[in-house]
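The next block holds one structure in the form of structure tokens; read it before the comments.
The values are calculated or read from the model by the stated rules, or taken from the named source; none is laboratory data. Quantities reported herein were computed from a predicted structural model and do not represent experimental measurements. Because the Cβ atoms are built from the backbone with ideal geometry, glycine has one as well, and the counts that use them run over all protein chains shown. Heavy atoms of the whole protein, side chains included, go into the accessibility calculation; ligands, DNA and RNA do not. Shrake-Rupley method; radii C 1.70, N 1.55, O 1.52, S 1.80 Å.
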Amino acid sequence: IMLSAKSEDTDKILGLNFGADDYITKPFNPLELIARVNSQIRRYMQFSPIKENNNVIRIGALELNKESKEVFAEGEHVKLTPLEFKILTLLMENPNRVFSIEEIYERVWNEPAYNNVDTVSVHIRHIREKIEINPKEPRYLKVVWGIGYKIEK
């Protein structure tokens, strides 16, 4: 925003052509200046491309930050164990993809599943209790009966 004592039309035109987004002449009302600054900020936020952060995954009101190892549900910080975080990361990185219990176990624990399917189910239940408003009617972490689990967008 260019602020100047020169109020001739040619001065304003030159200022705008040189790259100013707005032109205000002295004397000016400070509240008008604030309104013009706010207008420029709104326009910038609305039309500037938002850089995607590859470390943050958002699905609805669920947000997972892989770098800081934080999870937020409905804006509230959620404390997850390291294994719960790994399970949720796997599911959120692959939304709508169904993972079998065995596949979840093998990818998170890095060992063959054998008979450890109950372990995954218990962890899934704990994650649901922490991220869902109503764990009995989950919005995000869904079961696909007879197959496994998925995070639904």
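Bridging of residue 26 to aspartates and glutamates at a Cα separation below 12 Å is possible for 8, once same-chain residues fewer than 8 apart are set aside. For the chain, averaging the sequence separation of C-alpha pairs within contact (under 8 Å, six or more residues apart) and dividing by the residue count gives a relative contact order of 16 percent.
Just the protein heavy atoms count here, and of the accessible area of segment 53-153 at 1.4 Å, carbon and sulfur take up 47 percent. Taking R0 as 25 Å, what FRET efficiency do you get between residue 54 and residue 100 from their Cβ-Cβ distance, rounded to the nearest 0.05? My answer for the efficiency is 0.40. Describe numerically, in nm with one decimal, the distance between label points set 7 Å from Cα along Cα→Cβ at residue 44 and at residue 9. It works out to 3.1 nm between the two label points. Dipole orientation for segment 46-153: of the candidates 121, 77, 101, 77 has the Cα lying most toward the positive pole (charges on Cβ; Lys, Arg +1; Asp, Glu -1). One decimal place: the segment residue 68-residue 121 gains 16.5 nm when fully extended, by the rule 0.36 nm per residue minus the C-alpha distance. In terms of packing, defined here as the mean over residues of other Cβ atoms within 10 angstrom, the peptides 11-17, 57-63 line up highest first as 57-63, 11-17. Toward the positive end of the charge dipole of segment 52-140, with +1 on the Cβ of Lys and Arg and -1 on the Cβ of Asp and Glu, the farthest Cα among 87, 112, 59 is that of 59.
Our compactness index for segment 1-142, the C-alpha radius of gyration over the empirical 2.2 N^0.38 Å, is 1.79.
Angle of helix 82-93 to the longest C-alpha principal axis of the chain, folded into 0 to 90 degrees and rounded to 10: 70°. Applying 0.36 nm per residue to the separation of residue 35 and residue 21 and subtracting their alpha-carbon distance, the gain on full extension is 3.7 nm.
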